Amino acid sequence: MDDAARQRHMAPVPADDVPAGPTAEELMVRVAKGDERAFELLYDQFSGPIFGLVRRIVRDSAQSEEVAQEVLVELWRTATRYSPEKGSALNWAMTLAHRRAVDRVRSARASTEREQKATFEAARGRPFDEVAESVTARLERSQVRRCLSFLTDLQRESVLLAYYQGYTYREVAEVLSTPQGTIKTRLRDGLIRLRDCLGVTA
């Protein structure tokens, strides 16, 4: 391209259009005013870095693409909150991307933990509940009281709250100021000892 052609190529464009070679900060200001063309240019500049950051955190490619798209939509919707005085537009966008990616990882982890918990309850919680029901249904109170005396104080109070006062695991944990996992262990061990003492088969 000769000098004359280059000068024609770089000639000023109308004020209503995005100028040639605008900075990301200038684009953000225009996006805040609803300039769709500016957003297209910003999208081209930011989509790669945003996806790269999200991919490193989320790992899964499909989810990373989804999160990256959410970040870019958020940029469009919240551009009015950006101010050049706060730093570069890219850093601002990457902060949003990092937050979104971490939220997705935490959400996925929480979902997995809920599924594991449900599986654990189905596999291990039900038999002990059945033991408790058979204990209360088939045996005299005096026998139960006698066998309860063989439990540790912590096991006994957990069993009494859960199976004789109708408290949930969470409520027992709150009453005793003890983690739910510890409560479940106490109940399991306590019910096993009751079963052995009373001669009940699950």
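Between the stretch 65-84 and the stretch 94-108, what's the alpha-carbon centroid distance in Å?
Between the Cα centres of the stretch 65-84 and the stretch 94-108 lies a distance of 13 Å.
What distance in nm separates the two pseudo spin-label positions at residue 196 and residue 152, each 7 Å out from Cα along the beta-carbon direction?
1.4
How far, in nm, would the chain grow between residue 176 and residue 110 when pulled straight, counting 0.36 nm per residue and subtracting the alpha carbon separation? Mind showing how you got there, number by number?
Details: separation 66, 0.36 × 66 = 23.76 nm, distance 2.49 nm.
Gain on extension, residue 176 to residue 110, equals 21.3 nm.
In nm, give the distance between the simple-model label positions of residue 59 and residue 102, each being 7 Å from the Cα along the Cα-to-Cβ direction.
1.8
Provide the packing ranking of 23-29, 36-42, i.e. peptides ordered by the mean count of other C-beta atoms within 10 Å per residue, highest first. Can you show the working numbers first?
Working: 23-29: 19.1, 36-42: 17.0.
The densest-packed peptide leads the list: 23-29, 36-42.
How big is the accessible area of residue 170 in square angstrom, nearest 10, if you roll a 1.4 angstrom probe over the protein chains?
140
The values are calculated or read from the model by the stated rules, or taken from the named source; none is laboratory data. Given the structure is predicted, the values throughout are model-derived calculations rather than measurements. Here Cβ is always computed from backbone atoms with ideal geometry, including for glycine, and neighbour counts include all displayed protein chains. The area values use the complete protein model at the heavy-atom level, side chains included, leaving out ligands, DNA and RNA. Shrake-Rupley method; radii C 1.70, N 1.55, O 1.52, S 1.80 Å.
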